[in-house]
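This report concerns only the one structure given below.
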Amino acid sequence: MAPYDDWNSVEDEDDEELQDASLFEARKDAILFCIDCSPSMLEPWDDPEDEDMPVKCHLFVALDATMQIQKKKMISGPNDSTGILFFNTLLTQTSKGQPSELREGTHLYQLIAPLEVSKIKDIQALLDAAKEDLGELKKTFPPRVDGFTPMGDVFTSCNWTFRDGAPKTASKRIFLITDRDEPHLSNDPQLITAARANLDNLTSLGVTVEPFFISTEEKPFDMSRFYKAVLRPNTFAEDEEDEGRSLSVLPESISIAKIEDLLAQMRFHEVPKRAHFSVPFQLAPGLAIGVKGYGLVTDKKSVGKYVYFHDFGDRMEQAKSMSVYVDEDRQAEVKKSNVLYGTAVEGAAGEDNENSTPTRAVKAGQRPFYTDDEKRSLRSLGMEPIIKLLGFKDHSSLSFEDNIKHSTFIYPDEMAYSGSKRTFTALLKSMVKKEKIGLVLALIRRNTNPRFYALLPQPEKLDENGWMEEPGGFHLIPLPFADDVRAAKYQEGYTASDELEEAAVAWISKLSLKGAGYQPDSYPNPALAFHNAQLEASAFQEDFDKEDFENVTDPNFKNIHKRAGELMQRWKEALAKDDSADLVAVVSAGTKRKADTSVDEEEIRSRYNSGELAKLRVDQLKEFLKSKRQPVLGRKADLMDRVSEWFDKN
Amino acid sequence: MPAERAGYTVHMFVLDVCKSMGSPHTFTLPDGRTQEITNLQWALKYIKLKIQEMIYNGRKTDKCGVIIFGTEETNNIVNDKQGGYDNVTEYIPICTPNAGTLRKLDRLEPSATYGDPIDALIVATKTQEEWLGKKKWSKKITLVTDGQNIMELEDWESSVAKLNELEISFLLVGVDFDSDDPEYEYQEPDKSNVKRQNEQFWREFLDRVDNGNMGTLGHAMLYLSKPSIKETASNPMRSVLRIGDAEGKPDQAIEIDISTTKCTAVANNKAWKNFAVRMKEGTKDEEEILIGEDGSRLIVYAQLKKQAGWYVDTKEENDDDDDKKSIKKEDGDGDVKMEEDSDSETLVQVEKENLIRGYKYGTGYVPCADDSFLRLETKKGIDIIGFFDAAKFRRELSRGEVQYIWGDKDSPLQQVALSSIARGMAKKKVMAIARWVTKDGSDAKMGVLNPCLFDKVDCLLWAEMPFADDYRQYTFASLERLVTKKGEVLTEHPYLPTEEQCEAMDQFVKAMDLMKADKDPETGKHTEWFTPIESYNPGLHRVKQAMFHCAVVDDLATEPLDPPHPDTTKYFEPPPKVVKKSKEVVEDLIKKMNVKEVVKQPKRTRNEEHVHAADDDDEPLLLARKPTATFSMSQIPASQPTSPTKSKPEPKPKVEPGDSETEDESDDDTARKLAMKKAPSSSSKNPLPTPARSLSPRSHSVSQANIQSPAKPKQDDIAMDIDADIDPQRDPGRVIGRTRPLDDFKKIIEDPESYPSAKAKAMKDLGHVVTGIVLAPFASRREQELKDCLKEMRRAALLEDEVDVWNGFIQDLKDKCLFSTPGNKEFWEVTKKMGSGLITGVEARKLGADSDVGEDQAVEFLK
């Protein structure tokens, strides 16, 4: 939750943005980590990468990841709840105020309850002990020797655990971690049926299962053995409302994690998927489909969410900020619903009571101010929420600089309009094929301004195994208005010679990064991480040493200098020899982003005739070439050649 | 003319207040009604809007003065010195205008006499000249007249000469002058000879003025509503671009001095100011009445101030929970304020300085006195992390405003250095990943640098990228690859477009292309339709227009806002040519895609109660009776094939509410017959979200569930799964059931994702349900619940602007209670006591809704 004073200082105009975010965060999330304790999960294996702990087992990694997620949730979702349930263990539940009796072979290690430091410390202690002796885990969670717990029972235990512990309003999820693709010894169809029916039960209560199946080279995880028949599509990907709709269809976007990736995979699922908005997308009058919008890029998280406390000596009480609207002359408080909106007024002209409340008198019954609703309807120009297609443009027409805000991802909503998916998919495929973007006018929420957006198609990408790599959909990119575009400050400056450019190319070439462009995952916000590390240390009453903090956004100096250091030095030397080193700047101020150039063909012809094309400016040459439909790419020399060519021919 | 610069301008308005200006001007309101004002009021509106623009821009050096002619008395500096120039008055001396200036203009009335415009023009020129003295400011004069009076036309050439000598830009605005401007053509019918001559005179006059212009008032008003862009000069910020370790390896590391300026910056409206009607001292709802100079009754709107304070609730700990709830609720409004009825006496105001920050950590808070947490040390500048292939840039990640990065403007060397990098990057077709710290110690941002080569200067563009913390990756089901449970990949399915459909879409995309949909009026070349720099922010300019409007009128009800200027909405529809061209393609696409709107059902509830509820409810029985009432059941047409055969979507007619009443075998039929028309009970009438047949019938799994192994949970849990969440007491086509109508209703009304149409439907349906219950036997058992429903529905009607629905409903309820058999007179008494009557215009308008019910009518209604 944002601190209350921040709430209050926000102008009304920004209301929607904030409410939006709060809505998003207000809903609680409850995760039950459901971890397999079968002997294979306890089997030690070597991890040569990790010097601290060269021998691990799956259970250790799973518990460690669970704890990391809990720690992260402490900050990212402090109101969320988690619980841990083991299965295939000899331990059975008797204590800890567990109201419902769980199925045999399942053990509720942590009730579903709000996050607490002490619980994390418990796991931490357990993990520390396991680090010393991996057998410790086996002692604590002895595996079941008499066979395996039927998955149906596991789901039933989950059901009861949720019923007892999860807040009603929360989104409820099970993170199922197992390495057994055949959970039962026998392939009894009844077990499958039972598992499926009990899972359906969970589903109908709004619980979704997010499976993390551990697959190793020695022991690949084969979905078709059991889970394909049990898991439902809505179990992982579909929206909650979609359940029961597409029973026959099994999108295979199930996370099968290599054990090394378990934590990363879990983080991926840390935040439950939630739509920001749901609006009709009108392709043409008479043809609208349903879409939902998801914020993949969100507003920047502020460093540290806090509230204020007042120290009464013996106790601390949370303080709340409250604001009221007051007619100061009268010290009369005005209800928010009676507040009207207008522009500044002043006392009658010439009168001198400067300090009094500005007022405006009109005849009784008249009202020169807007009500809240009137005010709000102004900005939307009476539009209702909609995404309206205006047409299509070349992909290249979406420029780098036409950006002001983060984008939103849209995905079809079959629940609003039947046929949305096929229409959406057809549009997506067509636009990808033709390399087009869409131009849309949209009002995605009431009380906002209508805006133009570029509709950027993202084709669906599956990896070689058919797993989803990138989902298909459109990015809605808000375009700036003319009002938002600033002029380029400078129109003229000194530019580099070819030699210097070459010197720069030399080291630029050496400094290319691996991977596919900018990868958000590689750059956690250092200020936030630094703050949270202190917060965590403070909560766990540990010392915080800022020297231990690694800022992963720091450039890799070692590599930079190793790979390009000498080339950079050479470039610097070349720069020092540049003519411009002795010059004093004369730079003229610019006007609008696009320069106005005028060309006079006669002048250019006379220059050409007298062999003085070099005296012309590049923009003049370009403009001339443009008017003759000649290419305008290249350096000045190229342009001059092309101009000469043209005159030769004509 | 001196170069235009913002401010440093004296603008004189010269206004005709002669008797003839009292003639009426009729205009049409947006709603079709017509209204009459005087020409003077019209002219004043123009001048006030011009002055309001100066007030809005808020520049001290934007001055104006007002000279009026045709006044009974004479008061001007020329008359003071040399006499003559009668009936001309300096009404507002040159000043920086404020809202008071506008109010003073409001007091002007047409006089009973006449004055000369040229005299007034000379007075304005002199007044301006004298005020300016030696200042070299821009000078403007705008003269507004109806041209209805005979003018003295001697020696007007010398006035022109004076205007030119002083480099005054002069605008003449004529009331109902003829205009042949293509944007605003106008011919006044029955024009008087005097006026015709005067118009002719002014044309000749303006021909000789160097900076002169002339127009008709209607055109000038239209021009005023034209959006204008506020040019903002970007202030360059100095910084440094670094590559490598400047401290550790200074020989190799690169540092370039740079200036950064904004490339895009979101323009916002000025904030609204808050007002309220001033109440009589000591009263809460009695308006304070003043008596104006002319004896009229006035009310006062006072500008409000927001007073914020910090409070600690010293109430006993035990109702901590309730407290939390009330805060939560306020949060939803985005405004934390005291609830009217909260125990404010337990609140103690505290000083903000004495408060300690507590950071939320799990369920608790970590207190942090004096902000003892360290901040990460950062160093001002932009550090390049590395370069990557520009083709791999993900445009959708760009998350903010874009900045220019220039070589330091005073250093050619630094410019050359930056230029070489920009060119090098362009040549290699790469972009850079970089980290930007705006000043020492401030939080870093990540971003991408893209080279940008202008004709005569090279620079980089910066686009901010999200941190890992601000980026989410959700899983989405595949759109193109559908797999059955048996592992077969489907090639045909209602979710998948057919080749025919794809072909129709291709045609559509082609037909709606905008790359050549516009035409350059000068060259005649086909150009791209819409670019950002041609598009105005419609909301921004609308709000600005509205702000100006309310500053210059006294009553928004009688003088409503003009429609938005067409320039602001010119891109709201695709270009007409494209629409025309694509008409057939669109029709074909609509036919082939066969998309149908789904009647929104309330969300399924999933409270744990359902699990328990199973025991004491005869769910399966009800279910058997009413198979159409649920999603899941409607997917079980027994005869459907159970294998995943594809099928063409079947068109499903949209169900008309009221048309879909089902036979209702409950015992409260009497009343329901009124609403019942026919009883189609076929499930196919209820359009499903997916038009195809169910491919894996739910009945299958149900039956399996029933033959489960002993290791199963209670049987009724399974039955629950089938139908627990949907009220069996809900009629098909209705979104509100009779079991818990209020819950159903709230779910829809409070869901931010609900469409307005869904809300209206919920309201209508709740009305039906309430009426049904009221008229059924034993209604009194549910009296409290019914009252709550009425309360909630009335509140929603006001908030959602569905007042008519409420008023229609309550009227109907009253009629049925009192006049139908058996009726329910007792309940109407209850309703009366609650005061849940008609919503009146006064009440509705408070919340911005509307109603044509008067106060008297409402009082009468509840009698």
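The values are calculated or read from the model by the stated rules, or taken from the named source; none is laboratory data. No experiment lies behind these values; they were computed from the predicted model shown. Quick reminder, even Gly has a Cβ in these numbers, built from the backbone with ideal geometry, and neighbours come from all protein chains shown. Side chains are part of the model used for accessible areas, which takes the heavy atoms of the whole protein and leaves out ligands, DNA and RNA. Shrake-Rupley method; radii C 1.70, N 1.55, O 1.52, S 1.80 Å.
Under 12 Å from a label point 7 Å along Cα→Cβ of B:THR523: give me every residue in the range A:599-632 with its amide N that close.
A:599, A:623-630
Given R₀ = 60 Å, FRET efficiency for B:LYS134-A:ASN551 by Cβ-Cβ distance, to 0.05? Don't skip to the answer; put the middle values down first.
Numbers: r = 60 Å, r/R0 = 1.00.
Taking R0 as 60 Å, the efficiency between B:LYS134 and A:ASN551 is 0.50.
Expressed in nm to one decimal, what extension gain is obtained for the pair B:SER192 and B:ILE289 from 0.36 nm per residue of sequence separation less their Cα-Cα distance? Spell out each step's value before the answer.
Values: separation 97, 0.36 × 97 = 34.92 nm, distance 4.54 nm.
Going from the current span to full extension adds 30.4 nm.
Modelling each spin label as a point 7 Å along the Cα-to-Cβ direction, I'd like the A:LYS363/B:GLN82 distance in nm, to one decimal.
The two pseudo-label positions are separated by 4.4 nm.
Per residue of B:447-456, what is the mean number of Cβ atoms on other protein chains within 10 angstrom of that residue's Cβ?
5
Counting other Cβ atoms within 10 Å of each Cβ, which GluC sites (Glu not before Pro) in the range B:228-309 have at most 11 and sit in a DSSP loop? If you can, show how the numbers build up before the last one.
Working: sites: B:GLU231, B:GLU247, B:GLU255, B:GLU281, B:GLU286, B:GLU287, B:GLU288, B:GLU293; in loops: B:GLU231, B:GLU247, B:GLU281, B:GLU286, B:GLU288, B:GLU293.
Answer in residue order: B:GLU231, B:GLU247, B:GLU281, B:GLU286, B:GLU293.
Return the value, in Å² to the nearest 100, of accessible area buried between chains A and B (probe 1.4 Å, both sides summed).
Numbers: alone 40030 and 53990 Å², together 67730 Å².
By this definition, chains A and B bury close to 26300 Å².
Using a 1.4 angstrom probe and counting only protein chains, how large is the accessible area of B:HIS493 in Å², to 10?
Accessible surface of B:HIS493 is approximately 20 Å².
Take each of the peptides A:127-133, B:592-598, B:129-135, average the number of other beta-carbon atoms within 10 Å over its residues, and list them starting from the highest.
Values: A:127-133: 14.0, B:592-598: 21.0, B:129-135: 11.0.
Most protected by this proxy first, the peptides run B:592-598, A:127-133, B:129-135.
Would you please classify the overall shape of the range B:420-492 from the alpha carbon gyration tensor, given that a ≥ b ≥ c denote the square roots of the eigenvalues, rounded means a/c under 1.5, and beyond that prolate means a/b larger than b/c while oblate covers the rest?
Details: a/c = 5.14, a/b = 1.99, b/c = 2.58.
Since a/c reaches 1.5 but b/c is at least a/b, the shape of the range B:420-492 is classed as oblate.
Could you pull out every residue, at least 5 positions away or on a different chain, whose amide H is within less than 5 Å of the one on A:SER171? Hs are placed 1.01 Å off N in the peptide plane, and Pro or chain starts have none.
A:LYS28, A:ASP29, A:ALA30
How far apart, in nm, are the 7 Å Cα→Cβ label points at B:ASN235 and B:LYS306?
2.3 nm
Please give the net charge around A:SER380, taking every other residue with its beta carbon less than 10 angstrom from that of A:SER380, where Lys and Arg add +1 and Asp and Glu add -1. The partial results should precede the final answer.
On the way: positive: A:ARG376, A:ARG379, A:ARG445, A:ARG446, B:ARG542; negative: A:GLU384.
Net of charged neighbours comes to +4.
Sort the range A:114-229 into rounded, prolate or oblate with this rule: let a ≥ b ≥ c be the square roots of the eigenvalues of the Cα gyration tensor; rounded if a/c is under 1.5, and if a/c is not under 1.5, prolate when a/b is larger than b/c, oblate otherwise. Mind dumping the intermediate values first?
Numbers: a/c = 1.95, a/b = 1.14, b/c = 1.72.
It comes out oblate by the Cα gyration axes.
Scaled to the compact-protein estimate 2.2 N^0.38 Å, what is the alpha-carbon radius of gyration of the range B:726-863, rounded to two decimal places? Can you show the working numbers first?
Working: Rg = 14.5 Å, N = 138, 2.2 N^0.38 = 14.3 Å.
Against the compact-globule rule of thumb, the ratio is 1.01.
Please average, across the residues of A:554-561, the number of beta carbons from any other chain that are within 10 Å of each residue's own beta carbon, and give a whole number.
Working: counts 4, 11, 3, 10, 2, 1, 10, 7.
Mean inter-chain Cβ contacts per residue within 10 Å come to 6.
What FRET efficiency comes out for the pair A:LYS628/B:GLU72, r = Cβ-Cβ distance, R0 = 56 Å, nearest 0.05? Kindly include the intermediate steps, with their values, before the conclusion.
Details: r = 70 Å, r/R0 = 1.25.
With R0 = 56 Å, the Cβ-Cβ based efficiency is 0.20.
Take the solvent-accessible surface of the protein heavy atoms, probe 1.4 Å, and return the percent of it on the range B:406-469 that carbon and sulfur atoms account for.
Working: 840 of 1740 Å².
Carbon-and-sulfur percentage of accessible area, whole number: 48.
So what are the ³J(HN,Hα) numbers for the range A:443-454, from phi and the Karplus equation (6.51, -1.76, 1.60; θ = phi - 60°), rounded to whole Hz, Gly and Pro as x?
10, 8, 9, 5, 6, 10, 7, x, 9, 9, 10, 8
Taking all protein chains as present, what is the carbon and sulfur share of the accessible area of the range A:27-128, in % to the nearest whole number, probe 1.4 Å?
Numbers: 1950 of 3950 Å².
C and S atoms contribute 49 percent here.
Pop the C-beta distance of B:THR821 and B:ASP555 into the FRET formula with R0 = 60 Å and round what comes out to the nearest 0.05. The partial results should precede the final answer.
On the way: r = 49 Å, r/R0 = 0.82.
Given R0 = 60 Å and the Cβ-Cβ separation, E is 0.75.
Partner chain Cβ atoms within 10 Å, averaged over the residues of A:201-208 - can you pull that number for me?
On the way: counts 8, 1, 2, 13, 11, 7, 1, 0.
Mean inter-chain Cβ contacts per residue within 10 Å come to 5.
Simple spin-label model, 7 Å along Cα-to-Cβ: A:SER522 to B:GLU53 in nm?
If labels sit at A:SER522 and B:GLU53, their model points lie 5.1 nm apart.
Can you tell me which of A:395-407, B:158-170, B:420-432 comes out highest on packing, and rank the rest after it, using the mean Cβ neighbours within 10 Å?
Values: A:395-407: 19.8, B:158-170: 16.8, B:420-432: 22.7.
Highest-to-lowest ranking by the protection proxy: B:420-432, A:395-407, B:158-170.
What accessible area per residue comes out for the range A:173-227, rounded to a whole number of Å², with a 1.4 Å probe? Can you show the working numbers first?
Values: 1870 Å² over 55 residues.
Each residue of the range A:173-227 exposes 34 Å² on average to a 1.4 Å probe.
Within a Cβ distance under 9 Å of B:ILE254, other residues only, what is the Lys/Arg minus Asp/Glu net charge? Spell out each step's value before the answer.
Numbers: positive: A:LYS572, B:ARG242; negative: B:GLU255.
Neighbourhood net charge equals +1.
Using the Karplus equation 6.51 cos²θ - 1.76 cosθ + 1.60 (θ = phi - 60°), what ³J(HN,Hα) coupling, rounded to whole Hz, does each residue of the range B:791-799 give in order, writing x for Gly and Pro?
Per residue, the Karplus-derived 3J(HN,Hα) values read 4, 5, 5, 5, 4, 4, 4, 5, 5 Hz.
In whole Å, what is the distance between the alpha-carbon centres of the range A:354-424 and the range B:789-842?
For the range A:354-424 versus the range B:789-842, the Cα centre distance is 34 Å.
For the range B:475-583, with all protein chains present and a 1.4 Å probe, just round the carbon and sulfur fraction of the accessible area to a whole percent.
52 percent
Work out how far the C-alpha atoms of the range B:198-292 reach from end to end along every principal axis, then list the three figures in whole Å, largest first.
In descending order, the Cα extents are 79, 64, 17 Å.
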